[in-house]
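Asks: Quick one: this structure, given as C-alpha cells, is what I'll be asking you about.
Just so it is clear, none of the values below were taken in a lab; they were calculated from the coordinates. Computed from a prediction, not measured in an experiment: that's the story for all the values here. In this analysis, Cβ positions are derived from the backbone assuming ideal geometry, glycine residues included, and neighbour counts consider all displayed protein chains.
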Amino acid sequence: LAALLALSGCGGSSASSSPSADNPYGLIESGTIRVASLGDSKPYTFTDASGNFTGFDVELFKDVAHRAGVDNVVFTGQDFSGLLAAVANGQFDVGVAAIGITDKRKETVDFSDGYLAGYLTVITTKNSGINDADGLNGKRLGVVQGTLQEAYAVKNFTSAQLVRFPDNNTAISAVNSGSVDAHFLDYEAAKEYQEQFGLVSAADIPSFDAPAGFAIAKDKPAFKEALNKGLAEAMEDGTWKKLYEKWFPGSPMPEQYLPKAEQTSSP
Ligand SMILES: NC(=O)CC[C@H](NC[C@@]1(O)OC[C@@H](O)[C@@H](O)[C@@H]1O)C(=O)O
C-alpha cells in the first residue's frame, strides 16, 4: 500500500523523505524537485508576466538540476522569513533565492557550494538626504524579515528605525509612499527598483563572506553532492558566465565562478 501511495504521489504529509535506492536525493516526490523561491527579487528570482519563475538563480538551478538528472522542477513563492524553515521541515526540497550561506543559517539547513557573491544595497528617493550609511541616523529603514540585510542593520545601523517587511514589493511601496525613508536589499534587485521607480542607491555593503547557495534540508548528502557537481560543471563549461552576462549585464564579474582557464592566477 505504501508503494502505491508513494507512486500516486499522495503519500500523506509532506514530511521530508529520506534518501532511498529509488529516491537517492530524498526528494518529496522522486523525479520532481520542489523549490521555494521569491517572486519579487528580479533579476535573481522573480515571476514574469505569465507568472513563470525566472532569473539568474532560477535558470542556474534548473541547469544544475538537469545535470543531476531531474528536469521536473516546480517553483513556489514564499516569504523569505519562512523559506529556510519550509525547506528544513520538508515542505520543499530546496530553497533558491539568492540565499547567503552563513553559519547561523547552517543551524537550520545545509547549503550547496556558493554560486554568487555581491553587495547589499540601501536605496532611497532622490531628495531624501540619505547619501550614505550615516544618513540613515534617525531615519526609517525597510528590511525584509530574515535577510542578511536585517541582521546587518540591527548590528550596524543602530540609529536607524528598522521597519520589517515580508518582501521587497511591500518595502518598495512603503519607500514610494514615504512611510519609510529607505529600503535595504540585494544590489541587483536594488538596481531594478532604481530603474523602475527613479530611486537612488545610498550605500553598497560587500557580502562576499556570505555567497548565495542552494539551501537543502540536512542529511541529504547525495542531493548536496549532485548539486555541487552540477554547479562545478556549469561554472567550468561557461554556463554560469553566460547566465551572469544575461541577467547582470554591466556588473563586475566575480572571477571565482569562471572557467579555470579564464581565472587570472590569484596573486
Ligand atoms: N532573496 C533575498 O531577499 C535574500 C537577501 C540576502 N541575499 C544576500 C546575498 O546572498 O545576495 C547574493 C550575493 O550578493 C551574496 O553575496 C549575498 O550575501 C540574504 O541572503 O539574506
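Asks: Can you work out the base-10 log of I(q)/I(0) for the stretch 176-267 at q = 0.13 1/Å, using the Debye formula on its C-alpha atoms alone?
Replies: Once normalised to I(0) and log-transformed, intensities are -0.66.
Asks: What are the residues whose amide H is under 5 Å from the amide H of Ala202, where those residues sit 5 or more places off or on another chain and H is modelled from the backbone?
Replies: Residues meeting the amide H criterion: Val122, Ile123, Thr124.
Asks: Write down the Kirkwood hydrodynamic radius of the chain, to one decimal in angstroms, obtained as one divided by the mean of 1/r over all alpha carbon pairs.
Replies: Numbers: mean 1/r = 0.0515 Å⁻¹.
Mean inverse Cα-Cα distance, inverted, gives 19.4 Å.
Asks: In addition: Short version: ³J(HN,Hα) in whole Hz for each residue of the stretch 98-109, in order, from phi by Karplus 6.51 cos²θ - 1.76 cosθ + 1.60 (θ = phi - 60°), x for Gly and Pro, what are they?
Replies: Values, residue by residue: 6, 8, x, 7, 9, 4, 4, 5, 6, 6, 9, 9 Hz.
Asks: To the nearest 20 Debye, how big is the dipole of the chain about its Cα centre, given +1 on the beta carbon of each Lys and Arg and -1 on that of each Asp and Glu?
Replies: Details: 21 positive and 33 negative charges, 81 e Å.
Dipole about the Cα centre, nearest 20: 380 debye.
Asks: Can you list the residues, at least 5 places off or on another chain, whose amide H is less than 5 Å from the amide H of Gln91, using H built in the peptide plane?
Replies: none
Asks: Mind listing the long-range amide H neighbours of Gly142? Cut-off is under 5 Å, sequence gap 5 or more, other chains count too, H placed in the peptide plane at 1.01 Å from N.
Replies: Residues meeting the criterion, in which the H sits 1.01 Å from N, are Val163, Asp181, Ala182, His183, Phe184.
Asks: Which of Lys106/Lys242; Lys106/Lys224; Lys106/Lys229; Lys106/Lys246; Lys220/Lys242; Lys224/Lys246 have a Cα-Cα distance over 24 Å?
Replies: On the way: Lys106/Lys242 30 Å; Lys106/Lys224 13 Å; Lys106/Lys229 20 Å; Lys106/Lys246 30 Å; Lys220/Lys242 29 Å; Lys224/Lys246 26 Å.
Result: Lys106/Lys242; Lys106/Lys246; Lys220/Lys242; Lys224/Lys246 exceed 24 Å.
Asks: Continuing with this model, one more query. In whole Hz and in residue order, list the ³J(HN,Hα) couplings for the stretch 40-54 that follow from phi through the Karplus curve 6.51 cos²θ - 1.76 cosθ + 1.60, θ = phi - 60°; x for Gly and Pro.
Replies: 10, 10, 4, x, 6, 9, 6, 9, 7, 4, 8, x, 8, 6, 8
Asks: Through the Karplus equation 6.51 cos²θ - 1.76 cosθ + 1.60, θ set to phi - 60°, convert the phi angles of the stretch 124-137 into ³J(HN,Hα) values in whole Hz; use x for Gly and Pro.
Replies: Ordered by residue, 3J(HN,Hα) equals 8, 7, 4, 9, 6, x, 9, 10, 6, 4, 4, x, 7, 4 Hz.
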